[in-house]
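Just below is one structure, and these are the notes that go with it.
Quick note: the coordinates plus some simple rules give every number you see, no bench work behind them. Because the structure is a prediction, the values reported are computed rather than measured. Cβ atoms come from the backbone with ideal geometry, glycine included; neighbour counts cover every protein chain shown.
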């Protein structure tokens, strides 16, 4: 029994046909089914931003939230109950939207192929900010690649659009859209099935556990943000029997403060987790700003990053260093593991059949602790790390009384540098005293060479990160090209 | 009078771009019965093909055709210059990812699934993967080029100081946002209509006709716009157009072939990576006395345009400097990797970068500021102005450019400030470099320097403009339209810019070598001038004046103190039975080159520029930022300053990407592992230098008789980015305690850090160990 997926587009409620397969991306749906070809495919992996569209959702406050996302790795069924804005929606006849007009005035397009994506990222920015600032503008555009302009005129357009207008017809019509979306609210579990497979969106954690318990593990994908799962479809051309979507499970969208720690539900996006993490661990948050792009952070989740178990996932080494735990759940109950114990081998986790990640819990900082995260990649923004190092020490009279060090990119799993930690105990963080710990890193890790970095660089850079951490602690300041600017 | 020429007019498609209304090939309404195509790519690096089995692919429901090279009805070789270059692998595969078979199916998913069901039996052959190995074994695609003046060997031997060494410069993927795509539609009489994202419609037409075994008049190619080209769609669009056409002819149905990003990056050629070896002799002041340079470019498995690319590298290995005695050798190396191709600069950047690096090394050796070594070696205006290919440089404005940028960038003062900063900063170091650009304008294959245009005036006074230039974002359409508007004195809204089509203007050259506006602008100007003369003849008696007194301006035709609307004169011309369409043609004068003897004047003129870039380096990790860049570029009398500024800024950042973060990484089996934006990183908005100051040189119209005295601008600014790479080298030297470092490109954080480490290790090694080695 299929239930129609419905979303709002150009003011109309669109009902997704019953024959639309569960792996259909929003991009393909727009281009092929709706013949709206303004949204472009540049990479089909969420890395170029040419397919950027904006999703409008009811916020907790009742207003509308605008999020730029990559349509190429978003499944059309994820749009259920939401509003979708594409580049075709912005102009009113011949009259361009302020974002578009600013792009034209600033000479922000050359070949024009990336332009719709930039326009939509700027459209979201226009709705999220009262005024532009350089840094947040670059954050907002880091997921959009342009090969022609050198970006200067696009950044200029991002500033100029605020001079042209303070609001637009969308902000003026928010109440009507909110009412329209309220009408799409679903009371029951979403289940859409075709001959190819099914898309299920449970509404509660109990439903989720039930759904997963009844399905074979290999043929069932758990979908959180889709920033990796989407690529299994677009790149590996795989198609599972079932996709089980976490986006409607209310309990998984919460961030809970438990006094000495915070618990982040598995459905919370990076973007939504950011503020909570920023308040506790600004160093962690600084790194999260570089994890993926605005579009990825608007879709992807910390829980997905953890459950996916990539050796180069960025959040896990930081959380391992902070002593995070992961809460696993299934129909038969729940259990908690230290995050580092969750990873058993390359892309292999402790998750058992029917089990899913419910949340991750991160401890709040202790007053005598020092913590830093360093992400090394060829490009500053939106790049997968060659090495990611997270250092967390507790000092007692200048000596290391406790140390947790997490690394990504150095082994088959996100891992602790236990020998290095041991070698630091009782030491001061002075250059001469940390030499044994620096040497111990070579015992903890024998990294691989691949397209992101050679083993030589990975090890040397990891050792230098330890040196850098100590220098920063000693000098009481951040050291680096970002901090210097 | 310049009412339209030289104005910062917006790109003609800008309002459509921002509204998502500009249509690219994949956006066009799909014709009835359209089939979608997909490719099966080689899974071996070098192997004999024993057998290709298409049966499983053909059995998949929805599959309408599956072809190999044996199914090509005409000549399957699509080499643009030198054969062989089969459209699908013939007998052997020569790189991992070479197209072997193609499928047409009812939908794209089925086509792609079927492509994976093609089974190929291979017999592996030994593969050559590295340029050095090809040089060693003399495995070349084409004969070397040699440019020689004087006796370099003797001059080096006599020189007070000598340096020799080698460096590597990486390749670069074009990363045009729109991948390769073609739509082929069979028409009446066995004709074929192609819509193709290509910089070279005529060559696509020629090669499609060749593979179909038809005359060229049976094939029409249209390109309205590309989503980026950068050289990647100069020759390499043709292969996919040909495959689509063969499938269309076979199935008698329209066929669209659109590569996905991974296939595009794996199966299409890139900027040539180079190995450079230098041997240079100089005096105490750093004046170069003799220079012997080897430039070995990776052509990949087939020649494509490699010969011309390596030639251009050799032509630009003088950078901006005079060498009293010089020998430059360029090699076109064959390797079992994808066939490299044109890419903005076309070898020029590699030749220039190698020599700028050598200059930097001389400065480090002598303990001098590299700027001073540059200044002392700079070409003179009337003496010391002969290039290694014996062309005298007659339009040198480098001294003015240096002077202006030195002042505006505060170079000398900042050099001192940076030295002071580096002396007190242990973990962070700064670097600064100022480098020039001198780029020769013209196709070095002289006959390519021709263009045609067709201008039509309709009875209502509206104008349709056709020419051979293709639009890839660089603004050639608007620039040429400005020229025509200028000639007729009418508004741009009266001129319809059309798609480039081979049935409007035949036998065109590629839109390449920065020549688009130069060549097509001149051709369109000529066509418009022919028509204007005819209109003046009509208007003169109406205005009671002579034809030579008639002026076209502001939508009017004026003379004898009176004025007529342009449309009225057109209407009168029509009634008088005067032809209102005209062809214009242009061939660049005065250029020639004798390749066998390395002598001639291949360039009509030079475009110049100079840039200073500052870098900040983290010595722990090799991470860096570019904190400031000052660019000064020569566009002659710019045809459109807004468009040209876009070319300067965009070219600079693209060049910076090439030299810093964009790394193509092949594994030991010859598989490209960086074939999508997740692994291949082009610059983002944050990678633009935080303080970015760009100026166009004023008051220097092109002394050559170009269209409105403008200069070509597509490629030259890319090379301004060499200053960024050498700023990093400067910072790395500071981090290595002032020692010389070898910093190959791309200078990723890894390469920077390991370069510093290597320099430190070398210094730490005992003297006898160095001697023993």
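The radius of gyration of the Cα set in region B:359-493, together with its Dmax, comes out at 23.8, 75 angstrom. Beta bridges from DSSP with both residues in chain A: antiparallel share about 90 percent, rounded to the nearest 5. Just need log10 I(q)/I(0) for region A:172-272 at q = 0.10 Å⁻¹, Debye formula, equal scatterers on the alpha-carbon atoms, no solvent, rounded to two decimals. Reported log10 I(q)/I(0), two decimals: -0.37.
Okay, helix-only estimate at 222 nm for the protein assembly as shown: each DSSP H run of n ≥ 4 adds -39500 (n - 2.57), divide by all residues, round to 500 deg cm²/dmol; what do you get?
Mean residue ellipticity, 222 nm, calculated: -9000 deg cm²/dmol.
The distance between label points at residue B:154 and residue A:169 comes to 8.0 nm (points 7 Å beyond Cα on the Cα→Cβ vector). The Rg/Rh ratio for chain B is 0.99, where Rg is the radius of gyration of the alpha carbons and Rh is the Kirkwood radius. When the P(r) of chain A is calculated, the portion above 41 Å amounts to 21% of the C-alpha pairs. One chain, two ends: residue B:70 and residue B:425. Fully extended at 0.36 nm per residue, the span grows by 121.2 nm beyond their Cα-Cα distance. Here residue A:65 and residue B:191 are evaluated by their C-beta separation; at R0 = 45 Å the FRET efficiency comes out at 0.25. Extension gain, residue A:256 to residue A:475: 0.36 nm times the residue separation minus the Cα-Cα distance gives 75.3 nm. Measuring between their Cα centroids, region A:319-343 and region B:578-626 lie 59 Å from each other. If you take the beta carbon distance between residue B:121 and residue A:238 as r and set R0 to 25 Å, what does 1/(1 + (r/R0)^6) give as a FRET efficiency, to the nearest 0.05? Result of the calculation: an efficiency of 0.40.
Distance from the alpha carbon centroid of region B:1-43 to that of region B:696-719 works out to 27 angstrom. With each label modelled as a point 7 angstrom along the Cα→C-beta vector, the residue B:460-residue B:55 pair spans 6.3 nm.
Please label the shape of region B:581-651 as rounded, prolate or oblate, based on the square roots a ≥ b ≥ c of the eigenvalues of the alpha-carbon gyration tensor (a/c under 1.5 means rounded; beyond that, a/b larger than b/c means prolate, else oblate). Taking the square roots of the gyration eigenvalues as a ≥ b ≥ c, region B:581-651 is oblate.
Among beta bridges identified by DSSP and lying wholly in region B:623-752, the antiparallel ones come to about 25 percent. Pull out a ≥ b ≥ c, the square roots of the eigenvalues of the alpha-carbon gyration tensor of region A:369-474, then state rounded if a/c is under 1.5, prolate if not and a/b is larger than b/c, and oblate in the remaining case. Judged from the Cα gyration tensor, region A:369-474 comes out prolate (a/c at least 1.5, a/b above b/c). Calculated translational diffusion coefficient of region A:58-156 (25 °C, 0.890 mPa s; Stokes-Einstein with Kirkwood radius over alpha-carbon pairs) equals 168 µm²/s.
Sorted from fewest to most neighbouring beta carbons within 10 Å, what does the list B:652, A:343 look like?
A:343, B:652
A Förster radius of 45 Å combined with the Cβ-Cβ distance from residue A:217 to residue B:693 puts the calculated FRET efficiency at roughly 0.20. Subtracting the Cα-Cα distance of residue B:416 and residue B:667 from their residue separation scaled by 0.36 nm leaves 86.0 nm. Between the alpha-carbon centres of region A:25-60 and region B:218-279 there is a gap of 25 Å. Looking at region A:98-167, the pairs of alpha carbons with a distance over 18 Å make up 23% of the total.
With an a/c value of 1.5 or above and a/b not larger than b/c for the gyration tensor axes a ≥ b ≥ c computed over the alpha-carbon atoms, the protein assembly as shown is described as oblate.
Counting every other Cβ atom within 10 Å of each residue's Cβ, B:161, B:675 order from fewest to most as B:161, B:675. For region B:1-137, the Kirkwood hydrodynamic radius from C-alpha pairs, put into Stokes-Einstein at 25 °C and a viscosity of 0.890 mPa s, yields a diffusion coefficient of 133 µm² per second.
Summarising the strand pairing of the protein assembly as shown, around 80 percent of its internal DSSP beta bridges are antiparallel.
Here the residues A:45, A:3, B:188, A:294, ranked from fewest to most Cβ neighbours within 10 Å of their Cβ, fall in the order B:188, A:3, A:45, A:294.
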